[in-house]
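Down below is the structure, laid out as structure tokens.
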Amino acid sequence: MGAFKKLLASDVIVTPFEVNKGFTFEGAAAMTASDAGIDRFLGQNITGDFSTLEVTTGEVATEYRRLVYNSIKELYYSNYQSTPTGDTASLAFTVPGLDSTGDVLQGPASSAGRYENYLQTTLTQSREFPTGSDTYVGVVSIPSKLYGDQIQPGSFQISNASENITVVDDSEGNLVDDSTGLIVGQIFYAHGVAAITDNGELGLDVYGDAIYGTSIYGASDQSYIENLIISSSVTCSFSSSFDLFETQYKCTVDPSEYNFSLNSSLISGSTDGTVYDYVTGSYFNPYVTTVGLYNEAQDLIAVGKLAQPLPTNNTTDLTILINIDR
């Protein structure tokens with residue numbers, strides 16, 4: 001048996017809190033396992049007409065290198081083709097609807113900075129993207145089942161120990177070569193995508209320290225990126241971030257409420273429902289052992305068990321707090 005009381009909106013408090021979990025995957029086999037599904041793609045700037053015979057990439061899924069390159073460029077670097085710090089849109093908000101050409105604009109058609117490139121910081125971010133023929137970009141794609149709402153900023157790292165390459169996340173959306181401190185790409189936390197677009201210059205084991213002009217002898221974007229994207233001797237680690245919502249229900253029993261117990265064990269052996277004499281005494285207070293939460297259709301949706309029976313009070317309020325995480 002039970003007694004019912006409606007809760008007010010003020011009796012319910014919903015509080016979000018963030019939970020994190022760290023992951024480390026050593027080797028390509030661990031990254032592509034069924035319980036992980038981390039994929040790596042090599043994008044290539046291939047010019048000319050598209051052909052279905054073009055080279056593909058990917059370890060979990062298969063994509064064309066040309067399409068990977070174009071997708072990363074369009075999504076994350078379309079505003080950064082004329083300047084590394086990005087073209088500034090003339091409007092500070094997205095204009096709803098479409099213009100006459102069918103583009104969703106953030107500025108007029110004359111503005112180069114009209115695209116959403118998913119900035120990960122309010123600071124001015126520098127993004128370099130290779131545009132030369134046959135240049136490469138590397139992409140690490142982490143499934144949402146691992147990162148939750150987003151990758152926790154500052155937690156991402158991918159390395160190839162045999163080549164002395166380590167790339168880390170600087171918490172501001174940049175990927176940085178650990179040995180040189182140079183920005184080599186960007187990470188997009190809510191997408192689970194890390195894009196490596198540069199070679200980090202001195203981040204490679206090169207032939208001596210010889211530099212010819214502005215280039216390092218023996219180093220290239222391609223070899224640097226391939227050592228992280230194609231090699232099986234890589235380690236990838238990151239932390240997931242997921243928001244849980246804790247709902248607190250405040251169940252208050254006033255002194256005038258629930259002063260009669262509904263426990264069937266208090267009924268005497270008579271057939272008319274008469275209770276034992278001690279139950280009717282002025283000093284008898286019922287005990288609360290269980291609180292159930294019902295929806296509007298009177299369906300029981302949650303049960304809270306008290307650690308020990310709790311007596312009600314005929315002079316003061318009794319408040320029971322029920323916390324539910326979801």
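Looking at segment 29-72, which chymotrypsin sites (Phe, Trp or Tyr not before Pro) are DSSP coil and have at most 11 other C-beta atoms within 10 Å of their C-beta? Walk me through the numbers on the way to the answer.
Details: sites: Phe41, Phe50, Tyr64, Tyr69; in loops: Phe50.
Counting only loop positions with at most 11 other Cβ atoms within 10 Å, the chymotrypsin sites (Phe, Trp or Tyr not before Pro) in segment 29-72 are Phe50.
List the lysines whose alpha-carbon lies under 30 Å from that of Lys5, not counting same-chain residues fewer than 8 positions away?
Filter leaves Lys250, Lys305.
Take each of the peptides 222-234, 183-195, 10-22, average the number of other beta-carbon atoms within 10 Å over its residues, and list them starting from the highest.
On the way: 222-234: 19.0, 183-195: 22.7, 10-22: 10.9.
For the peptides 222-234, 183-195, 10-22, the packing ranking is 183-195, 222-234, 10-22.
Based on the Cβ-Cβ distance from Asn70 to Lys145, what FRET efficiency comes out when R0 is 25 Å, to the nearest 0.05? Before the final figure, lay out the partial values.
On the way: r = 27 Å, r/R0 = 1.06.
Taking R0 as 25 Å, the efficiency between Asn70 and Lys145 is 0.40.
Dividing the Cα radius of gyration by the Kirkwood radius, what Rg/Rh value follows for segment 6-62?
On the way: Rg = 22.7 Å, Rh = 16.5 Å.
Here Rg/Rh amounts to 1.38.
A short reminder: the numbers here are calculations on the coordinates, not readings from a lab. Not measured: the values here are computed from a predicted model. Cβ atoms come from the backbone with ideal geometry, glycine included; neighbour counts cover every protein chain shown.
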